[in-house]
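One structure below.
The values are calculated or read from the model by the stated rules, or taken from the named source; none is laboratory data. If you're wondering where the values come from, they're calculated on a predicted model, not measured in any experiment. Cβ placement follows ideal geometry from the backbone for every residue including glycine, while neighbour counts extend to all protein chains displayed.
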């Protein structure tokens with residue numbers, strides 16, 4: 001009896017292979033890159049979709065959210081419940097096979113495709129990112145930036161190498177390079193050391209444009225797990241008198257990392273720094289993540305400071321922080337006759353912005369003999385525009401012995417259309 005099983009097995013394998021070949025030949029994606037499919041499209045616009053990264057959502061039309069309150073496009077609070085988790089849809093406009101515009105949407109995709117748009121269907125996030133980053137590496141202007149944004153919306157995309165290549169390429173447009181560096185801030189933990197080193201190299205390259213160097217420093221401050229904070233502290237502390245040191249300190253002021261805060265506290269208390277550099281440290285300490293203890297430190301620093309900029313930085317920081325203790329302290333500076341009139345006037349300017357009450361501001365006028373400070377108070381009262389301040393201006397216009405101050409109060413009142421005030425002015429002028 002003849003055994004035919006080997007021949008049957010051969011034909012089964014041949015048939016299976018043929019079916020695979022037929023299936024492959026019927027799929028336009030096999031053996032043909034996304035770039036080739038787009039280039040061979042008959043229409044002038046092409047669209048494709050791919051899975052979105054977790055946390056990325058949109059309404060499919062007007063806005064995209066990348067999480068943590070980051071919205072791009074036209075968004076209103078009423079539409080937050082319509083944010084759908086993908087897919088990402090990219091529409092590309094072509095001219096002579098060149099990408100001239102790129103639009104990105106996230107959310108439900110309409111089944112209908114606009115006339116003149118070739119729909120390539122769903123592709124993998126990796127294929128989409130490879131194509132889009134390729135566009136970014138060649139395109140000029142806004143297209144490159146938009147391509148990078150779209151690429152990073154895809155699920156499980158590691159674009160570190162491509163982004164670094166674009167970010168380092170001095171022949172790329174500034175906007176594209178900055179977008180590439182910004183995208184590095186969303187990289188995974190295993191890449192952070194590599195990214196941090198690359199960003200430091202870019203930031204310290206004095207032959208590169210400052211816009212790119214500044215962006216590199218900003219991204220360092222935003223790296224996950226505070227991976228970029230220590231390099232920034234080293235750059236700031238080791239280059240105090242250069243652009244890179246000052247800019248690193250400015251970037252550190254936007255970080256709440258304890259190491260950044262401690263560096264700013266120590267720098268603000270140094271006595272060997274130029275006035276403008278110490279002012280940078282003080283303003284950094286007094287913004288964003290300032291605490292009550294920081295306010296106490298700043299108030300204690302003020303009498304020891306001799307530079308105008310650093311003193312002004314303390315006043316500005318405390319006025320922005322506000323609160324009873326800081327308002328009372330600013331009032332004390334205004335009253336301090338041991339200080340120069342200019343220092344007291346500067347303190348008054350910040351006191352008026354700090355949330356000080358009208359009665360507390362009005363109480364400063366009578367005990368103040370300095371005419372320049374009194375003039376500054378009249379300006380403050382004219383901006384308050386409440387009854388207490390207006391009544392004080394009327395009192396000054398009637399009783400002030402200094403003719404210049406008297407005229408200033410009358411001038412401030414002349415802009416008031418209240419009939420009672422107009423009559424009071426008429427009586428004052430007639431006297």
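From 246, 222, 250, 283, which residue is in the same structural domain as residue 209 (by TED's automatic domain parsing) and within 24 Å of residue 210 (Cα to Cα)?
222
It is to be established whether one or more residues within the range 111-125 are at pLDDT 90 or above and in a helix (DSSP H, G or I).
Residues of the range 111-125 that are at pLDDT 90 or above, as a first pass: 118-125.
Keeping just the survivors that are in a helix (DSSP H, G or I) gives 125.
Yes: one or more hits.
Per-residue answers, yes or no, for (1) in contact with a helix residue (DSSP H, G or I) (Cβ under 9 Å, 6 or more places away or on another chain); (2) modelled with pLDDT of 85 or more; (3) part of a loop (DSSP other than H, G, I, E, B); (4) surrounded by 15 or more Cβ atoms within 10 Å (Cβ to Cβ):
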residue	(1), (2), (3), (4)
6	no, no, no, no
9	no, no, no, no
14	no, no, no, no
20	no, no, no, no
25	no, no, no, no
32	no, no, yes, no
42	no, no, yes, no
49	yes, yes, no, yes
65	yes, yes, no, yes
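Would a scan of the range 305-319 turn up a residue that is at pLDDT 90 or above and farther than 19 Å from residue 348 by Cα? Before you say what the answer is, go through the steps one by one.
Within the range 305-319, the first condition is being at pLDDT 90 or above, and the residues that meet it are 305-319.
If we keep only those that are farther than 19 Å from residue 348 by Cα as well, we get none.
For the range 305-319, residues at pLDDT 90 or above and farther than 19 Å from residue 348 by Cα: absent.
Can you tell me which residue among 365, 381 is touching a helix residue (DSSP H, G or I) at 6+ places or on another chain (Cβ under 8 Å), over 20 Å from residue 299 (Cβ atoms) and in a loop (DSSP other than H, G, I, E, B)?
365
Sort out which residues of the range 324-359 are over 16 Å from residue 302 (Cβ atoms) and surrounded by 13 or more Cβ atoms within 10 Å (Cβ to Cβ), and write them in order of number.
Listed by number, the residues that qualify are 341, 352, 353, 355, 356, 358.
Please enumerate the residues belonging to the range 404-422 that are surrounded by 14 or more Cβ atoms within 10 Å (Cβ to Cβ) and either in a helix (DSSP H, G or I) or at pLDDT 90 or above (or both).
405, 406, 408, 409, 410, 412, 413, 421
Taking the criterion of being farther than 22 Å from residue 51 by Cβ, in contact with a strand residue (DSSP E or B) (Cβ under 6 Å, 6 or more places away or on another chain) and touching a residue at least 24 places away in the same chain (Cβ under 8 Å), would at least one residue in the range 178-194 satisfy it?
no
Please verify whether the range 184-204 includes one or more residues that are under 24 Å from residue 71 (Cα atoms) and buried (at least 23 other Cβ atoms within 10 Å of the Cβ).
Checked the range 184-204: at least one residue is under 24 Å from residue 71 (Cα atoms) and buried (at least 23 other Cβ atoms within 10 Å of the Cβ).
Can we say residue 425 is surrounded by 12 or more Cβ atoms within 10 Å (Cβ to Cβ), more than 41 Å from the chain's Cα centre (by Cα), assigned to a helix (DSSP H, G or I) and at pLDDT below 90? First the steps, then the outcome.
Values: surrounded by 12 or more Cβ atoms within 10 Å (Cβ to Cβ): yes; more than 41 Å from the chain's Cα centre (by Cα): yes; assigned to a helix (DSSP H, G or I): yes; at pLDDT below 90: yes.
Answer is yes for this residue.
Evaluate the following for residue 311: is it surrounded by 19 or more Cβ atoms within 10 Å (Cβ to Cβ), part of a helix (DSSP H, G or I) and within 32 Å of the chain's Cα centre (by Cα)?
Criteria met by residue 311.
In the range 386-403, how many are exposed (fewer than 11 other Cβ atoms within 10 Å of the Cβ) and under 21 Å from residue 361 (Cα atoms)? Write out each step before concluding.
Taking the range 386-403 as the starting set, the residues that turn out to be exposed (fewer than 11 other Cβ atoms within 10 Å of the Cβ) are 386-387, 399, 401, 403.
With the extra rule that they be under 21 Å from residue 361 (Cα atoms), the set shrinks to 386-387, 399, 401.
So the answer is 4.
Of the residues in the range 225-265, how many are part of a helix (DSSP H, G or I) and closer than 23 Å to residue 317 by Cβ?
Just the residues of the range 225-265 that are part of a helix (DSSP H, G or I), to begin with: 225-226, 229-238, 243-252, 258-265.
Narrowing further to those that are closer than 23 Å to residue 317 by Cβ: 229, 232-233, 236-237, 245-252, 258-265.
Within the range 225-265, residues that are part of a helix (DSSP H, G or I) and closer than 23 Å to residue 317 by Cβ number 21.
Does residue 278 satisfy the criteria of being crowded, with 19+ Cβ neighbours inside 10 Å, assigned to a helix (DSSP H, G or I) and modelled with pLDDT of 90 or more?
The answer is yes for residue 278.
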